[in-house]
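Notes follow once the structure below has been shown.
The values are calculated or read from the model by the stated rules, or taken from the named source; none is laboratory data. Keep in mind it's a predicted model, so treat the numbers as computed, not measured. Here Cβ is always computed from backbone atoms with ideal geometry, including for glycine, and neighbour counts include all displayed protein chains. Each accessible area value is taken on the protein alone, full model and side chains, heavy atoms only, with ligands, DNA and RNA left out. Shrake-Rupley method; radii C 1.70, N 1.55, O 1.52, S 1.80 Å.
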Amino acid sequence: DNRRQRQMCIRDSSSNTLFENFEVEHEFETLGKRLMLLNARRLHTTTKGTHSILLAIEDITERKRMEKALQESEAKYRLLVHNLPNIVFKGYKDWSVDFIDDKIERLTGYTKEEFDSRKMKWIDIVVKEDIERIKEILKQALRTDKFYLREYRIKAKTGETLWIQEGSQIVCDDRGAIEFLSGAFLDITERTLAEQKIRYLAYYDSVTDLPNRQLFEEYICHALAYAKRHDRQLAILFLDLDHFKHINDTLGHRVGDSLLKSVAGRLKEILRKSDFISRYDDDKSSGYIARFGGDEFVLLLTDIKQARDVANVAGRILHELSNAFVLGTYQIFIKASIGVSLYPSDGEDIDTLIKNADAAMYHAKNSGRNNYQFYADSVKVTTSEKFTLGTDLRRALEREELILYYQPQLDINTEKIMGTEALIRWLHPDFGLLSPTEFIPMAEDNNLIE
């Protein structure tokens, strides 16, 4: 200690300060080891060369212990913050940031200093379409428990869109105004994309990107609730492509899938330009078309004023689908049959409306295809007979009820028979002799044609 003190005196010989802030550990009989802070100043020197010195001694043991505890606490906090997946921050209502974790650069590409210096605000990287929604969540939290959890998108420096979850506590002053926000960000991009993929697989058709039956019935459920509340009509259109199986069998399923996707695109375009799209939510028109499987599509029209409006849409669909589909080297022409049921006249629940639209579609097929039919009481009989015939057709072969008629083919110039056409007939025990037009489409639809 004497050596260190002499060094201090030599270093400060130009002034009256002998040494200052000199820490000495001393062991007392009653107090044990204590840390003392010493400051010494020379007051004056006598003619004999002796000095008057003012020595100040302060016990700093507790202060040093608290400083050490604080340093250890800060080190633990920094370690915790660094190892957490969350990015801790403190900000203000104007979206400026007072403090943000270093990991922000790893996530966004923007440095901590760019936010700390307020060269940029957090709102600068939030996707514009999400801003109003997250502002509304903040307002809602102010009215309740001052805590909010919100998920939204941000744009990284690279241009990549990321999903984050922000959980924050709002701290207000005495007047209730926001003083600051304190919370953390968590990158949930991977989780959100996985959830979106699962939702897509559960609710959307992978070929056409249209809603599947499960999701579509949710749309109809909302539409029915709205229609009942506001005394409105809506329509279900059940559409089936005519002879689609032939395209699959001759050109292959890849071409068939491409055709289904193109049909879905035309249907979406027709509905997008239609007046009959829901006024009560922000869903896009594609939400009102679904693929029920195979070559069957179902459409929902809302705010119907009269049946003629639905007929116009159905006619437009048939016209648009009649135009050629160019798929690679193939030019394909297709036709469709459409059945229509109306709420509330043809049913007041989802199952009834879809079943009746399906029955009307089969009526359209039996009426020559490439047309639309509205559900009517007469269809009920047709549907009942169709069900009976469909059941009986499965046993017709074993009962030997199917017979061939050979119809002559005549050359009208020479009046000579050139050949014959073999046409099947069904001698039904109850309905008599049935022509091919009455049961061949049924055999095709029920996979009995082979």
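Assorted remarks:
- Subtracting the Cα-Cα distance of Asn446 and Ile60 from 0.36 nm times their residue separation leaves 129.5 nm of extension gain.
- Relative protection proxy for 220-228, 159-167, from highest mean packing down: 220-228, 159-167 (other beta-carbon atoms within 10 angstrom).
- Over 25 Å between alpha carbons, listed pairs Lys197/Lys273; Lys68/Lys93; Lys103/Lys155: Lys197/Lys273; Lys68/Lys93
- A simple charge model with +1 on the Cβ of Lys and Arg, -1 on the Cβ of Asp and Glu and nothing else charged puts the dipole of segment 299-426 at about 220 debye relative to its Cα centre.
- 21 Å Cα-Cα reach of Lys64 towards lysines, excluding residues that sit fewer than 8 places from it in its own chain: Lys33, Lys76
- Sorted into 20 angstrom bins from 0, the C-alpha pair distances of the chain split as 17, 28, 24, 13, 10, 6, 2, 0 percent.
- Computed in the context of the full set of protein chains, the accessible area of the chain at 1.4 Å probe radius has 50% of its extent on carbon or sulfur.
- Candidates Leu237, Leu404, Leu18: whichever shows maximal mean-square fluctuation once the chain is modelled as a Gaussian network with Cα springs under 10 Å: Leu18
- Sequence-distant aspartates and glutamates (8 or more away, or on other chains) whose Cα lies within less than 12 Å of Lys112: Asp98, Asp101, Asp102
- Candidates Thr189, Thr302, Thr250: whichever shows maximal mean-square fluctuation once the chain is modelled as a Gaussian network with Cα springs under 10 Å: Thr250
- Between Gln71 and Ile424, the contour length at 0.36 nm per residue exceeds the alpha carbon distance by 117.5 nm.
- Accessible surface, per residue, of segment 169-235 when the full set of protein chains is kept, probe 1.4 Å, Å²: 60 Å²
- With a Förster radius of 35 Å applied to the C-beta separation of Tyr203 and Arg394, the computed FRET efficiency comes to 0.50.
- When you restrict to C-alpha pairs under 8 Å that are six or more residues apart and normalise by the size of the chain, the relative contact order lands at 8 percent.
- With a threshold of 23 Å on the Cα-Cα distance, the over-threshold entries among Lys128/Lys268; Lys261/Lys305; Lys90/Lys135 are Lys128/Lys268; Lys261/Lys305.
- Ellipticity estimate at 222 nm from DSSP helix runs (n ≥ 4, -39,500 (n - 2.57)) divided over the chain, nearest 500: -13000 deg cm²/dmol
- Candidates Thr329, Thr352, Thr45, ranked by Gaussian network fluctuation over the chain, Cα under 10 Å, top entry: Thr45
- Among beta bridges that DSSP assigns inside the chain, antiparallel share in %, nearest 5: 95 percent
- C-alpha long axis of helix 436-445 to longest principal axis of the chain, angle in °: 20 degrees
- Shape of segment 292-405, Cα gyration tensor, a/c cut at 1.5: oblate
- Anisotropy class of segment 189-245 from Cα gyration tensor, a/c 1.5 cut: oblate
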